[in-house]
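The values are calculated or read from the model by the stated rules, or taken from the named source; none is laboratory data. Only a predicted model underlies this, so the values are computations on that prediction, with no experimental measurement involved. Glycine gets a Cβ as well: all are built from the backbone with ideal geometry, and neighbour counts include every protein chain shown. Areas reflect the complete protein model, heavy atoms only, side chains present, ligands, DNA and RNA absent. Shrake-Rupley method; radii C 1.70, N 1.55, O 1.52, S 1.80 Å.
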Amino acid sequence: NLTLEVSETDADTIETFLDDRALDNASFDFTPPGEASSSKFVCENWSKQIPYVNRATIQATFREVFEA
C-alpha cells in the first residue's frame, strides 16, 4: 500500500499511467529506494482525493508479480 501526496497535475499523470496498465493488467518495473535492481508490479486498485486546491492524495495497492 502506498499513499502519495502530489500536485493535481502529477496526480493526473500518475492516474493516466495506472489507467493505461489497468486496461490489460500490464506490469511495470519499479526500483525501490536503496535497492540495486527493479521488480515488476501491478496496481490492483487506487483512489484519488483532492483535499486542497492543487494538491491530491493517491492511495494505491501494488502487488509484486513474477514473470518469465
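Could you please give the count of residues in segment 30-48 that are under 14 Å from F17 (Cβ atoms) and not basic (K, R)? I'd like the intermediate steps shown before the answer.
Start the filter on segment 30-48 by keeping residues that are under 14 Å from F17 (Cβ atoms), which leaves 30, 41-43, 46, 48.
Then drop every residue that is not not basic (K, R), which leaves 30, 41-43, 46.
So the count comes out to 5.
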Residues of segment 32-46 classified as more than 17 Å from R63 (Cβ to Cβ) and not small (G, A, S), total:
2
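Would you pick out the residues in segment 31-46 that are touching an Asp or Glu at 6+ places or on another chain (Cβ under 9 Å) and of a type in the set (A, V, I, L, M, F, W, C)?
Step one: filter segment 31-46 for residues touching an Asp or Glu at 6+ places or on another chain (Cβ under 9 Å), giving 38-42, 46.
Listed by number, the residues that qualify are F41, V42, W46.
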Within segment 4-28, how many residues are farther than 18 Å from N54 by Cβ and either small (G, A, S) or open to solvent by 90 Å² or more (accessible area, probe 1.4 Å) (or both)?
6
Candidate set: segment 29-55, residues that are under 14 Å from L2 (Cβ atoms) and among the charged types (D, E, K, R); chosen: the one least open to solvent (accessible area, probe 1.4 Å)
K48
Output the number of the condition that E67 fails; it satisfies all remaining conditions of (1) modelled with pLDDT under 90; (2) touching a helix residue (DSSP H, G or I) at 6+ places or on another chain (Cβ under 7 Å).
(2)
